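The values are calculated or read from the model by the stated rules, or taken from the named source; none is laboratory data. Keep in mind it's a predicted model, so treat the numbers as computed, not measured. Neighbour counts run over all protein chains shown; Cβ positions are idealised from the backbone, glycine included. For the accessible areas, the whole protein counts, side chains as well, though only heavy atoms, and no ligand, DNA or RNA atoms are used. Shrake-Rupley method; radii C 1.70, N 1.55, O 1.52, S 1.80 Å.
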Amino acid sequence: MKVSRKIVLHFPARLVEEPIAYRLVKDYNLQFNILKASIIPDSEGFVVLELSGSQEDYDRGIRFLAKTGVKIEALSQNVVRNEDKCTHCGACLTICPTGAFEVDPITREVLFVHDRCIACANCIKACPPRAMELHF
Amino acid sequence: MSKTIEEINSKIRSGKVVVVNAEEVIDIVRHRGLSQAASEIDVVTTGTFAPMCSSGIYFNIGHSKPRIKLEAGKTYLNDVPAYTGFAATDVMIGATALPEDDPRNKIHPGDFNYGGGHVIEDLVSGKDITLSATSYGTDCYPRKKLDTLINIQSLNEAVFFSLRNCYQNYNVAVNTSDKTIYTYLGIIKPRLGNAMYCSAGQLSPLLNDPYYKTIGIGTRLFLGGGTGYISWHGTQHSPSAPRTDNGVPKRGAATLSLTGDLKQMNARWLRGVSMQGYGASLGVGVGIPIPILNEEILEYTAITDEDIFTAVVDYSTAFPNNLPDILGETSYAQLKSGTIRLGSKSIPTASLSSYRRALEISNILKDWIASGNFLLTAPVAPIPGAESGQSTRPLNYRPVERNNC
């Protein structure tokens, strides 16, 4: 069975220069998509990854990560739209890096496709009526 | 065949009026032809909902015991400064006012989460607003401080008033620089990363009456969910803008000054907005009915997004430096398709104006008219037209010479 999960990896300073993502690909056949990253050499860092592969590879990969000392968390940040506040202007359309907003060509309603959202939060302050909210 | 506004109003009173919105009229004219459609249709409704700086409100709070004159003091509404330079208890606030302790763009881009537009939204929603004022005492107005809650219901008059709304057409903003810019048209990405536009296009009021043949001073309209009127042409009214063969301006062109009873309005149609890195404003809903007096007026209302063009302007250079240069022209049909082309570059588009809300306004106005609750008005005076030669002049900058001794 194939799984795909969004996780947050916190790297202690000593691991920042280790090629950990490379091992996930090479040794565990996992695909990864970096959604957000902040890594400064000699300091701590974090990466938000979407990690996919077979359930077995995924579990082995996570065990490998845990053993290296990387702290693993599920991505709990969630962007939701406050429907009372959204005016369907569409200012969010070109701000979202993953194309999670679409305009219905007939009704001109702005649709929020939550599955595509990576919770980067770019839309929060780009929304004039502040309809996009970040929940933890 | 032609009709008068009085004949249309009789049909409204008797419930026999035929009213369609400015989107529906397109297909009707296409299928039935101008002549037949003009005899059938009495009114076409338009709509627009977008951030509109230059909007504001004024109200009278009533006299306190003892009396205070706010007029030469300082007055704040939820910490946002208001203008009181009219009289003792008249207060005015504009959409873009900001609290004095708002950090602005000190950490760029600023958030501008609360400003005058939000005060207006809160007041219209029926929320209590804090009014804090200081002034100097006089023999007849001895009080020097006032700190009170106010509510729209207890105000003597509360009036929406705008210096400029309903821009006939508007620039498309792009950015040719290497960094993201934060503008009143939204966030514009570097290297032509996106294009922001702000018009309801074929539904927008003044694009459906491009020569202001039916829309003028005194025209009754949908304003913020209530009834309003055109009080004058708006500031920066520029009807001499270049036009296409169909008469529709290809640049900003006309504007309207609007007024109406704030107590009738509601927050769905007056919405405080925050433009990151720019400031606060107010989203305003406006809908104007167009009486179909003859075929010519109907033809104007049948305009489609394919036939409305506007200028693509670089907001990283031309706009801030007030230069007339444009990068090209594009139609609203192209803008609404999701991408425009500029040379060899394909640019994704986004709108600040809500077409969906504009459509909703045009339909509400349709219902008001069809149910006999809204009669049309003939303008009591026209607004300056294309022949007036009126256009917006830049500031004539004249440095002030001072003797600094």
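Would you check if A:R108 is at the interface with chain B (Cβ under 9 Å from one of its Cβ atoms) and touching a Phe, Trp or Tyr at 6+ places or on another chain (Cβ under 7 Å)? So A:R108 passes the test.
Give all pairs with beta carbons closer than 7 Å in which a residue from the range A:1-29 that is touching a residue at least 40 places away in the same chain (Cβ under 8 Å) meets a residue that is of a type in the set (G, A, S) and in a helix (DSSP H, G or I); count only pairs at least 6 apart in sequence or on separate chains. These pairs meet every condition: A:L24/A:G61.
Restricting attention to the range B:113-130, the residues that are more than 24 Å from B:G225 (Cβ to Cβ) and surrounded by 15 or more Cβ atoms within 10 Å (Cβ to Cβ) total 0.
Counting the residues of the range B:320-337 that are within 14 Å of chain A (Cβ to nearest Cβ) and of a type in the set (G, A, S) gives 2. B:V172 - would you say it is modelled with pLDDT of 95 or more and either under 23 Å from B:I68 (Cα atoms) or open to solvent by 60 Å² or more (accessible area, probe 1.4 Å) (or both)? Criteria not met by B:V172.
Contact map, the range B:87-107: residues that are among the β-branched types (V, I, T) paired with residues that are assigned to a loop (DSSP other than H, G, I, E, B), Cβ distance under 6 Å, separation 6+ or inter-chain. Pairs shown: B:T89/B:I61; B:T89/B:H63; B:V91/B:T84; B:T96/B:C53. Exactly one residue among A:I39, A:I95, A:I34 is under 23 Å from B:I188 (Cα atoms) and either open to solvent by 70 Å² or more (accessible area, probe 1.4 Å) or not acidic (D, E) (or both), and that residue is A:I95. Taken together, the residues in the range A:108-136 that are part of a loop (DSSP other than H, G, I, E, B) and within 16 Å of B:S337 (Cβ to Cβ) amount to 1. If you take the residues of the range B:279-296 that are hydrophobic (A, V, I, L, M, F, W, C), in contact with a Leu (Cβ under 9 Å, 6 or more places away or on another chain) and not in a strand (DSSP E or B), which of them is surrounded by the fewest Cβ atoms within 10 Å (Cβ to Cβ)? The residue in question is B:I292.
Within the option set B:S240, B:S274, being among the polar types (S, T, N, Q) and either open to solvent by 60 Å² or more (accessible area, probe 1.4 Å) or within 14 Å of chain A (Cβ to nearest Cβ) (or both) holds for one residue only, B:S274. For the range B:200-237, a residue qualifies if it is in a loop (DSSP other than H, G, I, E, B), open to solvent by 10 Å² or more (accessible area, probe 1.4 Å) and within 14 Å of another protein chain (Cβ to nearest Cβ), and exactly one does: B:G225.
Just so you know, in the range B:358-391 the residues that are among the β-branched types (V, I, T) and closer than 17 Å to B:W269 by Cβ include one that is surrounded by the most Cβ atoms within 10 Å (Cβ to Cβ), and it is B:I361.
Quick grid of which residues meet (1) within 14 Å of another protein chain (Cβ to nearest Cβ); (2) among the small types (G, A, S):
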residue	(1), (2)
B:G94	no, yes
B:D101	no, no
B:D122	yes, no
B:T148	no, no
B:V159	no, no
B:Y167	no, no
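What is the number of the single condition among (1) within 30 Å of B:V18 (Cα to Cα); (2) modelled with pLDDT under 95; (3) among the small types (G, A, S) that B:S391 does not meet? Looking at each condition in turn, B:S391 falls short on (1). For the range B:155-176, a residue qualifies if it is touching an Asp or Glu at 6+ places or on another chain (Cβ under 9 Å) and among the aromatic types (F, W, Y), and exactly one does: B:F160. Every listed requirement among (1) open to solvent by less than 10 Å² (accessible area, probe 1.4 Å); (2) away from every other protein chain (no Cβ under 14 Å) is met by B:E306 save one, (1).
For the range A:49-66, state whether one or more residues are out of contact with any Gly (no Cβ under 8 Å at 6 or more places or on another chain), under 26 Å from B:S281 (Cα atoms) and at pLDDT below 90. Walk me through how you get there before you give the answer.
At the first step, the residues of the range A:49-66 found to be out of contact with any Gly (no Cβ under 8 Å at 6 or more places or on another chain) are A:49-50, A:52, A:54-60, A:62-66.
This time we only want the ones that are under 26 Å from B:S281 (Cα atoms), so: none.
Checked against the condition, which is being out of contact with any Gly (no Cβ under 8 Å at 6 or more places or on another chain), under 26 Å from B:S281 (Cα atoms) and at pLDDT below 90, the range A:49-66 yields no hits at all.
The requirement of being over 30 Å from B:N322 (Cα atoms), small (G, A, S), open to solvent by less than 60 Å² (accessible area, probe 1.4 Å) and not assigned by TED's automatic domain parsing to the domain that holds B:T339 is fulfilled nowhere in the range B:141-154; no residue meets it.
If the condition is being on the phi > 0 side of the Ramachandran plot and either more than 9 Å from chain B (Cβ to nearest Cβ) or of a type in the set (G, A, S) (or both), then the range A:66-104 contributes A:G69, A:G90, A:G99. Taking every residue in the range B:338-364 that is at the interface with chain A (Cβ under 7 Å from one of its Cβ atoms) and pairing it with any residue that is of a type in the set (D, E, K, R), at least 6 positions away or on another chain, the pairs with Cβ-Cβ distances below 6 Å are B:Y355/A:R108; B:R356/A:R108; B:R356/A:E109.
In a residue-by-residue description of the range B:243-262, the property of being touching a His at 6+ places or on another chain (Cβ under 8 Å), within 14 Å of chain A (Cβ to nearest Cβ), touching a residue at least 24 places away in the same chain (Cβ under 8 Å) and in a strand (DSSP E or B) applies to no position. Filtered by the rule that a residue be part of a helix (DSSP H, G or I) and open to solvent by 20 Å² or more (accessible area, probe 1.4 Å), the range A:1-31 gives A:A13, A:R14, A:A21, A:Y22, A:R23, A:V25, A:K26, A:D27, A:Y28.
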